[in-house]
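A short worksheet on the structure shown next.
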Amino acid sequence: MEGMLEMEAQRLEEQLELERRQVRRNRLQLVSAVAQWIVLLSCLVYFGLGFLHPPTTPKSQWIEVAATDYVPKEKRINISWNRGTMNVRNLSIPIYCDGFYLVSLKGTIRAMSQRNASLSLKVYKRSDASILCVKVTEEVVDSVTVSEMRFKDEVYLEANRDANYKDLTLGLFLLTPRSDCLPDAYKM
């Protein structure tokens, strides 16, 4: 009889231990599920706020400008805004974002004097720093390069002799993220 009582007590203890393990496991699963729901809710709130308040600045900086009919010798070429998110000021394009820019020069150009004279177009980012130099041997110009530019650089175009052009365009496209840009309020 005593043996049966001991066996019954041992069986009850094992059953009690089993129930304690199940309670611990259920509690752990409940805590884990609550943590997952909190993380999911946090993500939804974060993305929801991002869609409610989109950034006010454009995602990329770019401009395409067109030159006038006549290109004067060794002076800044008169360019006008064609399209894009950047501006033209004083015959140049001011740079407000540090980074790498794709520089594109395309069009048709012809020297006005001396038929076999060498004509070259230069794109500058500062008065002493040429970023693209194109020697025009044919009438068609089509050149592309990448250049690093900094805040306060000004991009402009010059020719070494008088010339006429047709559809001469200069394009700038910021290739790096806009993390190092001057805020829009300080650009004017």
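Throughout, read-outs are computed from the coordinates displayed, never taken from laboratory work. Here the structure is a predicted model, which is why all the values come from computation and not from measurement. We place every Cβ from the backbone using ideal geometry, glycine too, and count neighbours over all the protein chains shown.
Miscellaneous remarks
- A prolate overall shape is assigned to the chain, the ratio a/c of its alpha-carbon gyration tensor axes (a ≥ b ≥ c) being 1.5 or greater and a/b exceeding b/c.
- Taking amide H as placed 1.01 Å from N in the peptide plane, V136 has its amide H under 5 Å from the amide H of L119, S120, L121, each at least 5 places away in sequence or on another chain.
- Count, lysine Cα pairs under 15 Å in the chain, 8 or more residues apart or across chains: 10
- Exposure proxy for I38, I131, I93, I63: other Cβ atoms within 10 Å of each Cβ, ordered fewest to most, give I38, I131, I63, I93.
- Extended-chain gain in nm, criterion 0.36 nm per residue less alpha-carbon gap, S127 and E8: 33.0 nm
- Peptides 167-175, 1-9, 22-30, 144-152 ranked from most to least packed by the mean count of surrounding Cβ atoms within 10 Å: 167-175, 144-152, 22-30, 1-9.
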